[in-house]
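Undergrad: Please find one structure pasted underneath; my questions will follow.
What follows draws every value from the coordinates through simple rules; no lab data is involved. Just so it is clear, the model here is predicted, and its values are computed rather than measured. Heads up, the Cβs are rebuilt from the backbone with ideal geometry, glycines too, and the neighbour counts pull from every protein chain shown.
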Amino acid sequence: MSMKKLSDQFYVGPQIEIDDIEDIQISGIKSVICLRPDGEGPDQPAFDTLKTQAATLELAAHYLPIIPGQISEEQIAEFADMVSKSTGPIFAYCRSGMRATALWALHQAQTGQSVDEILAAAKSAGHDLTALIPRLSAAAL
């Protein structure tokens, strides 16, 4: 399992497995957000299975399925609500971590974080968000 830090309270990564839940909990994460639709890939566990395992370790688990490249304003608002109601640190995952990073970035732009800071955090996590610059800039206004 791989977790990349975007901020002190937010981490992203690729698809997790049942066995990763305990490692996530041990690392200090308090909430998990799944952004990958169930059935997107043949090798991914169902979200409900992961949520059940997370609950046994007192981790909150949230589900916000997003199709790659199709993050809507409504999904950004729902994500913002999840984040505001979740105990941190938070770990969000998808297939590669890119959707999670993009969604975090769009949310951060709306909260006033500078586009340069957002891009730098994403780059340090291994994700290039230059294609999102116009949308990030528009959200920051």
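Undergrad: Based on Cα coordinates alone, diagonalise the gyration tensor for region 1-77, multiply each eigenvalue by 5, take square roots, and list the semi-axes in whole Å, largest first.
TA: On the way: eigenvalues 78, 52, 28 Å².
Three semi-axes, in Å: 20, 16, 12.
Undergrad: Compute from the Cα atoms of the chain the Rg and the Dmax, the latter being the longest Cα-Cα distance, and quote both in angstrom.
TA: 14.2, 42
Undergrad: Using r as the Cβ-Cβ distance of Asp38 and Ala80, and R0 as 22 Å, what FRET efficiency do you calculate, to the nearest 0.05?
TA: Values: r = 23 Å, r/R0 = 1.04.
In this case the efficiency is close to 0.45.
Undergrad: Cα centroid distance between region 79-141 and region 1-47, in Å?
TA: Using only Cα atoms to place each centre, the spacing works out to 16 Å.
Undergrad: What is the distance, in nm, between label points placed 7 Å from the Cα along the Cα-to-Cβ direction at Ser2 and at Asp128?
TA: 1.6
Undergrad: Nearest 500 deg cm²/dmol is fine: what mean residue ellipticity at 222 nm does the chain get from its DSSP H runs of n ≥ 4 alone, each adding -39,500 (n - 2.57), divided by its residue count? If you can, show how the numbers build up before the last one.
TA: Details: 6 runs with 61 residues, N = 141.
After summing the helix terms and dividing by the residues of the chain, the value is -13000 deg cm²/dmol.
Undergrad: Related question: List the pairs from Lys4/Lys30; Lys30/Lys85; Lys85/Lys123 whose alpha-carbon separation is above 21 Å, in the order I gave them. Kindly include the intermediate steps, with their values, before the conclusion.
TA: On the way: Lys4/Lys30 15 Å; Lys30/Lys85 12 Å; Lys85/Lys123 27 Å.
Over 21 Å apart, Cα to Cα: Lys85/Lys123.
Undergrad: On to the next question. Determine the dipole magnitude for the chain: charges of +1 sit on the beta-carbon of Lys and Arg, -1 on that of Asp and Glu, nothing else is charged, the reference point is the Cα centre, and the result goes in debye to the nearest 20.
TA: Details: 10 positive and 18 negative charges, 70 e Å.
The dipole magnitude comes to about 340 debye.
Undergrad: Modelling each spin label as a point 7 Å along the Cα-to-Cβ direction, I'd like the Ala46/Ser72 distance in nm, to one decimal.
TA: Result for the modelled spin labels: 2.5 nm.
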